[in-house]
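A quick write-up on the structure given underneath.
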Amino acid sequence: MAVPEWLISDVRARAHLHRESRPGRVGAWPGWLPDEVAAAFAEVGVERPWLHQQQAAASLHGGHPTILTTPTASGKSLGYLAPVLAATWGGTECSPPEVDLGRARFRWAKRPHTALYLAPTKALAHDQWALCRRLTEAGLPTWRTIAVDGDSSTDDRMWARDHAAYVLTNPDWVHAALLPSHSRWSGFLSSLRYIVVDEAHHYRGGFGAHVAMVLRRLLRVARHHGADPVVAMASATIGDAAAHVAALTGLDPDAVTVVSESTAPAAALDTVLWQPRDHHDIETAVLCSQLIGRGRQTLAFTSSRNGAEKVASTTAEHTGERVESYRGGHLDLDRRAVEQGLRDGSVRGVAATSALELGVDITGLDAVVCSGHPGSLSSLWQRFGRAGRSGADALAVLVAADDPLDAWLLDHPEVLASRTFEPIPVGVGNRNIVAAHLAASAQELPLTEDALPLFGAKARELVDELVAGKVLRKRPTGWYWTRPDRAVDAISLRTIGPGGVEVTDIETGQILATVDAGSADRTVHPGAIHVVRGVPWQVVDHVADSPIAWVEPAQPGVRTAAQSVGGVEVIGTESTAEAGVGTSGLGEVRVTSQVNQCLVFDEYSGDVIDNFAVDRPMRTLDTEGLWWELPSATAAHMTPKGRFAAAMHALEHVVTALLPGFVACDRSEVVAVSDPGGARLVIHDLVPGGGGFIRMIAPRAVDLMQSARDLLEACPCTDGCPRCIVSVRCPDHNAALDKAGAAWLAGLLCPDG
Ligand SMILES: [Zn+2]
Ligand SMILES: [Zn+2]
């Protein structure tokens, strides 16, 4: 089945890439893997490993930190499970020495080596545990595994501590439970042979920085108990994987083994970039109908739950086949039924949201249609990777959304062909985060000079600040935590700053949603309409910085958008460079903003129908920023007055929209602002102190501005459209944008004019 003629001959098919099928390359189980383990693998369907699994297993067994970044369904788990099983089930590594029988008996009675598995969510750790239990049932009844987390019973936690050889959990539990009571876990920790970090690409930005510090604390504590664990990571395909391991662990990137090439067999894959004439979800449904109608089992990805429902129902109607939707809110039971239906062929199509991206075993489809760019090439390829099974050709289509990132990719299909991937930013230089974990680490074990390099170059300076702030106390033997409370309780891995706001129904007292503190001013001020799972609620009462916002059902058809005033100033310059006729700079910025007004608009037409004043405090954010500065005379060249600001505003939109093409981020993680008075455009992290995004983008500042200019010049619209400068995220509702002006300014900031 080659790529269908009706599809490829359509003018909407803007680019087409073909990848040949590839046979698998089979490896062999290493001699150190116990026969019983190999037999259990065979029992669950793996007779022999693929070569890349063998390579990863050998590297880990040899004591080298290793990351597997091969595509979906290439069997990453097996790559680390082989050495983990060899160590923790009781293979050759813990055989008793032949002499000294008394001691040998003792060693057999003792637990073998241990290993710790970390997943970003509780659910994923439990999924992985289910895989372990299948292996246990397949002939390894003495393999002692358990998933634990904050919801576990005391019995389970105690069993994990005293008996388990392989504990599956998440970083939050390691941070808040395991590390603070590490002395009680000394049996487990002293035997710790492997730390497995799964779905490692999820650890980015501020959350990534927290996890990076938790892993450093874990390594420190494990070494204290006499272990020297080897780090194993598995991740979606990412750019610069060794650097990511280094960022998350503090290990030397040159010592990391990267296994990125899958040797599993791959079907031939045709990839088509599609420029729709209609809405991308509508054309996705049409394409799905045509593919399913021609007998191809098809998976569609949409960006919203509503989109998934709509694509599924339209396609089912057109084809008369069973087409299901699959989204985050579904019950496990429904989801399993969909998976089962796909496998037995009774389900011919599925429309899914990104909920399907995490640890779901749906692969081997005939076609994947992706409605809109998911934001990173890594997740785009992950989605495409669900198409193809051996012996059958597969098709993957990206239906472009009206978005600058989609437009840019359609203009640069070579990016897709080169299979380059965005690197993952981690904010390990964030002083606030490092300092908080230094304090936690000091409570776990007094900090010594030797321990500091693990926490980065600023560790010593931060420790002195902690002493000055009376958080730590210096004694001859090191730095000590001397307070009665737990240092870890002051740290939340997943949010920064004070807690969120609970959106609560004033009638029933039911909590409908939680809003993080950073966006509360905009979304839950009195009068704001807050949409929860498609249902609009209006905030009747919320005092700034308080934990509860009371809401009542809102009038349908109306939405609100908060307006703010503020500015941005550079408070520390780290480096500057030429940027066309202007300059670019990297450093620390102070962003101030105050929500002071709210627009009320019609949900369907987008027309503003009212506005009212809002009273929220002035907020200050100190973080990392990257800026472009134009010569001060530039504004004078643009008439009428106000045109310059409109051009800067449009340029803000384009630059932010293109960012996910440069580093793994989404548009809520990095924002652009222009200084209303000056001629400066700033992009900055939203994590106080920086999430690593800006630092990673900075070396590519020139590329970013050139891409913005190219996109503005190439877009066929006259005054701006959603493919270039019009943004649904604009808090100002796209008021005052100037496309031609933005293109001119971007050109001025490019080295080639
Ligand atoms: Zn346009
Ligand atoms: Zn805007």
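Pairs linking a residue in the stretch 1-21 that is in the same structural domain as Leu409 (by TED's automatic domain parsing) to a residue that is buried (at least 16 other Cβ atoms within 10 Å of the Cβ), with Cβ atoms under 8 Å and 6 or more positions apart or on different chains, do not occur. Take the conditions out of contact with any strand residue (DSSP E or B) (no Cβ under 7 Å at 6 or more places or on another chain), in contact (Cβ under 8 Å) with a residue 60 or more places away in the chain, more than 16 Å from ligand 2 (Cβ to nearest atom) and open to solvent by 20 Å² or more (accessible area, probe 1.4 Å) and apply them to Glu578. Does it pass? Here the answer is yes, as Glu578 does meet what is asked.
In the stretch 594-620, how many residues are among the small types (Gly, Ala, Ser) and in contact with a helix residue (DSSP H, G or I) (Cβ under 8 Å, 6 or more places away or on another chain)? Break it down stepwise before answering.
So the first thing to find is which residues in the stretch 594-620 are among the small types (Gly, Ala, Ser), and the list is 605-606, 613.
Checking the rest, the ones that are also in contact with a helix residue (DSSP H, G or I) (Cβ under 8 Å, 6 or more places away or on another chain) come to none.
Of the residues in the stretch 594-620, 0 are among the small types (Gly, Ala, Ser) and in contact with a helix residue (DSSP H, G or I) (Cβ under 8 Å, 6 or more places away or on another chain).
Provide a single number: the residues in the stretch 581-594 that are farther than 30 Å from Thr560 by Cα, polar (S, T, N, Q) and buried (at least 19 other Cβ atoms within 10 Å of the Cβ). Talk me through it step by step, then tell me what you get.
Restricting attention to the stretch 581-594, the residues satisfying the condition of being farther than 30 Å from Thr560 by Cα are 581-588.
Now restrict to residues that are polar (S, T, N, Q): 583-584.
Then drop every residue that is not buried (at least 19 other Cβ atoms within 10 Å of the Cβ), which leaves 584.
Counting residues in the stretch 581-594 that are farther than 30 Å from Thr560 by Cα, polar (S, T, N, Q) and buried (at least 19 other Cβ atoms within 10 Å of the Cβ) gives 1.
Quick grid of which residues meet (1) in contact (Cβ under 8 Å) with a residue 12 or more places away in the chain; (2) touching a Gly at 6+ places or on another chain (Cβ under 8 Å); (3) over 30 Å from Arg431 (Cα atoms):
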| site | (1), (2), (3) |
| --- | --- |
| Arg616 | yes, no, no |
| Glu629 | yes, yes, no |
| Ala633 | no, no, yes |
| Lys641 | no, no, yes |
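I want to confirm something. Restricting to the stretch 710-748 and keeping residues that are open to solvent by less than 50 Å² (accessible area, probe 1.4 Å) and closer than 28 Å to Val426 by Cα, which single residue is nearest to ligand 2 (Cβ to nearest atom)? Break it down stepwise before answering.
Kept after step one, since they are open to solvent by less than 50 Å² (accessible area, probe 1.4 Å), are these residues of the stretch 710-748: 711-712, 715, 717, 720-721, 724-725, 727, 730, 734, 737-739, 741-743, 745-748.
Keeping just the survivors that are closer than 28 Å to Val426 by Cα gives 727, 730.
On the way: Ser727: 6, Cys730: 3 Å.
The qualifying residue nearest to ligand 2 (Cβ to nearest atom) is Cys730.
Selection of the stretch 574-593 for residues being over 29 Å from the mean Cα position of the chain (by Cα) and assigned to a strand (DSSP E or B) yields Thr576, Ala577, Glu578, Ala579, Gly582, Thr583.
Of these, Glu652, Glu624, which one is within 16 Å of ligand 2 (Cβ to nearest atom) and among the acidic types (Asp, Glu)?
Details: Glu624 fails: within 16 Å of ligand 2 (Cβ to nearest atom).
It is Glu652.
Among the candidates Val682, Val655, the residue that is touching a helix residue (DSSP H, G or I) at 6+ places or on another chain (Cβ under 7 Å), of a type in the set (A, V, I, L, M) and at negative phi is uniquely Val655. Taking the criterion of being open to solvent by less than 60 Å² (accessible area, probe 1.4 Å) and out of contact with any strand residue (DSSP E or B) (no Cβ under 8 Å at 6 or more places or on another chain), the residues of the stretch 116-149 that qualify are Pro120, Thr121, Leu124, Ala130, Leu131, Leu135, Ala138, Gly139, Leu140.
Checking each residue in the stretch 526-539 for being open to solvent by less than 60 Å² (accessible area, probe 1.4 Å) and of a type in the set (A, V, I, L, M) picks out Ala528, Ile529, Val532, Val539.
Checking Val728, Val671, Val654, Val663 one by one, the residue that is outside the structural domain of Trp381 (by TED's automatic domain parsing), under 30 Å from His279 (Cα atoms) and in contact with a His (Cβ under 7 Å, 6 or more places away or on another chain) is Val671 and no other. Answer yes or no: is there a residue in the stretch 251-264 that is closer than 25 Å to Trp173 by Cβ and touching a residue at least 40 places away in the same chain (Cβ under 8 Å). Yes: the stretch 251-264 contains one or more residues that are closer than 25 Å to Trp173 by Cβ and touching a residue at least 40 places away in the same chain (Cβ under 8 Å). Within the stretch 235-246, being more than 17 Å from Ala451 (Cα to Cα), surrounded by fewer than 23 Cβ atoms within 10 Å (Cβ to Cβ) and modelled with pLDDT of 95 or more holds for Ala242, Ala243. Taken together, Ala82, Ala86 contain a single residue that is more than 18 Å from Asp198 (Cβ to Cβ), open to solvent by less than 60 Å² (accessible area, probe 1.4 Å) and hydrophobic (A, V, I, L, M, F, W, C), which is Ala86. Selection of the stretch 509-525 for residues being within 20 Å of Glu552 (Cβ to Cβ), open to solvent by less than 90 Å² (accessible area, probe 1.4 Å) and assigned to a loop (DSSP other than H, G, I, E, B) yields Gly509, Val524, His525. Just one of (1) in contact with a Leu (Cβ under 6 Å, 6 or more places away or on another chain); (2) in contact (Cβ under 8 Å) with a residue 60 or more places away in the chain; (3) more than 22 Å from Thr121 (Cβ to Cβ); (4) of a type outside the set (Gly, Ala, Ser) fails for Asp240. It is (1).
Scanning the stretch 57-75 for residues that are of a type in the set (Val, Ile, Thr) and more than 19 Å from Ala243 (Cβ to Cβ) gives a single hit, Thr72. Would you check if Asp334 is open to solvent by 60 Å² or more (accessible area, probe 1.4 Å) and either closer than 16 Å to Arg383 by Cβ or modelled with pLDDT under 85 (or both)? Considered against the rule, which asks whether it is open to solvent by 60 Å² or more (accessible area, probe 1.4 Å) and either closer than 16 Å to Arg383 by Cβ or modelled with pLDDT under 85 (or both), Asp334 comes out as yes. If a residue must be under 25 Å from Ser59 (Cβ atoms) and surrounded by fewer than 22 Cβ atoms within 10 Å (Cβ to Cβ), how many such residues does the stretch 175-193 contain? Residues flagged as under 25 Å from Ser59 (Cβ atoms) and surrounded by fewer than 22 Cβ atoms within 10 Å (Cβ to Cβ) within the stretch 175-193 amount to 1. Screening the candidates Ala735, Ala743 for the property of being more than 8 Å from ligand 1 (Cβ to nearest atom), modelled with pLDDT of 95 or more and either assigned to a loop (DSSP other than H, G, I, E, B) or within 20 Å of Pro640 (Cα to Cα) (or both) yields one hit, Ala743. For the condition open to solvent by 20 Å² or more (accessible area, probe 1.4 Å) and touching a His at 6+ places or on another chain (Cβ under 6 Å), Trp481 does not qualify. Taking the criterion of being touching a residue at least 60 places away in the same chain (Cβ under 8 Å) and out of contact with any helix residue (DSSP H, G or I) (no Cβ under 8 Å at 6 or more places or on another chain), the only residue of the stretch 179-201 that qualifies is Ser191. Residue count for the stretch 270-280 under the criterion of being under 15 Å from Arg12 (Cβ atoms) and either touching a strand residue (DSSP E or B) at 6+ places or on another chain (Cβ under 8 Å) or of a type in the set (A, V, I, L, M, F, W, C) (or both): the result is 7. Cβ separations smaller than 9 Å between residues 6+ apart or across chains give no pair from the stretch 696-723 residues that are in contact (Cβ under 8 Å) with a residue 60 or more places away in the chain and assigned by TED's automatic domain parsing to the domain that holds Ala247 to residues that are more than 8 Å from ligand 1 (Cβ to nearest atom) and open to solvent by less than 40 Å² (accessible area, probe 1.4 Å).
Go through the residues of the stretch 633-641 one by one and say whether even a single one is at pLDDT below 95 and assigned to a strand (DSSP E or B). Within the stretch 633-641 (the criterion being at pLDDT below 95 and assigned to a strand (DSSP E or B)), the answer is no, since none of the residues qualifies. Look at (1) in a strand (DSSP E or B); (2) open to solvent by 50 Å² or more (accessible area, probe 1.4 Å); (3) within 16 Å of ligand 2 (Cβ to nearest atom); (4) touching a residue at least 40 places away in the same chain (Cβ under 8 Å) and you find that Gln597 fails only one, number (4).
The values are calculated or read from the model by the stated rules, or taken from the named source; none is laboratory data. The shown structure was predicted, so the numbers you read here are calculated from the model rather than taken from an experiment. Positions of Cβ are generated from backbone atoms using ideal geometry, with glycine treated the same way; all protein chains shown enter the neighbour counts. Accessible surface areas use protein heavy atoms only, side chains included; no ligands, DNA or RNA. Shrake-Rupley method; radii C 1.70, N 1.55, O 1.52, S 1.80 Å.
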